[in-house]
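Below: the structure, in structure tokens.
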Amino acid sequence: MKMTPLGEEIGAEVTGCQLAEMSDEALDQLKEAVWESGVVVLRGQDLSPQQHIELANRWGGIDINNYFPLNGEHPEIAEVRKEKDQQTNIGGGWHTDHSYDQVPAMGSILVARTLPLKGGDTLFAHMGAAYDALDEETKAEIAGMRAVHSADHIYAPDGAYAQTDQGKALRGQELKTLATHPVVIRHPQTGRKLLYVNPAFTLHFEGQTREESLPLLQRLYAAAMTPEAQARVVWKPGTVTIWDNRTTWHMALNDYPGEERIMHRITLSGEALAA
Ligand code: SIN
């Protein structure tokens, strides 16, 4: 297995690995690469939906997403789908998946199934690099703080998606979510300090209103917006991307009007997060 960096401080492109027939040793190596770099990209993969599920189970288990449409034959697989005539995509703003859960998902395995001719790339940002970029005063200010996360304002019947042409396809509008996590977590495997707030699901700091929280939240978010902390995955047929939600944010670009894009996503089970 060979790894080539994707960005300055984030990601790796892995060659010499077929996900469908990987040894336990290779799987451990791949996990290590995901823990360390945040996101890995593998090209030329021939991964059937069944093999996708098997890989996720070998990795450590599946968290079924409560909102995305599920694949009819394989309900473990959520479909990130934009039809030709839809305007809105799923995941089009910076976020980390499932931070609204008390035990957030570890990450995802995303498989390209139908791609536009051009566009539909996914951007990733490394939240360890973002934390490292903060000045010492800000690091001291956020040490010990916690933040409140929810998905209700996104998925509820009067939430963000309901106003769009994705509204009808989504599930779980009746669900209620609320979780609190440290603003700075330690990666459960590497121990690296990571900024764990995100623009989509973080509502406010514990003990503060949204208005009081916003100036500091915006400053923290700005730390992830540097070229060094970011990488872009350009999808091709056969591309599979695996990322760590604790270490990264991601966003799917919506720049392919009139074309279809269908991705199969399995969300991997995680663990409670600690400072
Ligand atoms: C997501 O999981 O947010 C979607 C990513 C993508 O479609 O590229």
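Quick notes
- Selection within the range 53-109 - within 25 Å of A272 (Cβ to Cβ) and in contact with a Phe, Trp or Tyr (Cβ under 7 Å, 6 or more places away or on another chain): Y67, A78, W94, H95, T96, S99, Y100, G107, S108
- Test: residue in the range 90-102 that is more than 18 Å from T202 (Cα to Cα), within 16 Å of the ligand (Cβ to nearest atom) and among the small types (G, A, S): no
- Breaking point among (1) within 26 Å of A275 (Cβ to Cβ); (2) in contact with an Asp or Glu (Cβ under 7 Å, 6 or more places away or on another chain); (3) of a type in the set (A, V, I, L, M, F, W, C), for L117: (1)
- With a requirement of 3 or more residues that are surrounded by fewer than 17 Cβ atoms within 10 Å (Cβ to Cβ), the strands (runs of 3 or more DSSP E) lying completely within the range 1-106 that satisfy it span 2-5.
- Residue-level analysis places W243 outside the set of residues that are surrounded by 20 or more Cβ atoms within 10 Å (Cβ to Cβ), among the aromatic types (F, W, Y) and touching a Leu at 6+ places or on another chain (Cβ under 6 Å).
- Long-range neighbours under 9 Å by Cβ, at least six apart or interchain, first residue touching a residue at least 12 places away in the same chain (Cβ under 8 Å) within the range 8-24, second hydroxyl-bearing (S, T, Y) and part of a helix (DSSP H, G or I): E9/S37; I10/S37; G11/S37; A12/S37
- Filtering Q208, Q230 for residues that are free of Cβ contacts under 8 Å to residues at least 12 places away in the same chain and of a type in the set (S, T, N, Q) leaves a single hit, Q208.
- E259 being surrounded by fewer than 19 Cβ atoms within 10 Å (Cβ to Cβ), among the charged types (D, E, K, R) and touching a Pro at 6+ places or on another chain (Cβ under 6 Å): yes
- Restricting the range 143-171 to residues that are without any contact (Cβ under 8 Å) to a residue 40 or more places away in the chain and in a loop (DSSP other than H, G, I, E, B), the residue that is nearest to the chain's Cα centre (by Cα): A160
- Residues located in the range 107-135, provided they are touching a residue at least 24 places away in the same chain (Cβ under 8 Å), in a loop (DSSP other than H, G, I, E, B) and farther than 28 Å from G44 by Cβ: L134
- So P188, is it closer than 30 Å to L6 by Cα and within 16 Å of the ligand (Cβ to nearest atom): no
Laboratory data are not the source of any read-out in this text; all were calculated from the coordinates shown. Note that the structure is a prediction, hence the values are computed from the model and not measured. Heads up, the Cβs are rebuilt from the backbone with ideal geometry, glycines too, and the neighbour counts pull from every protein chain shown.
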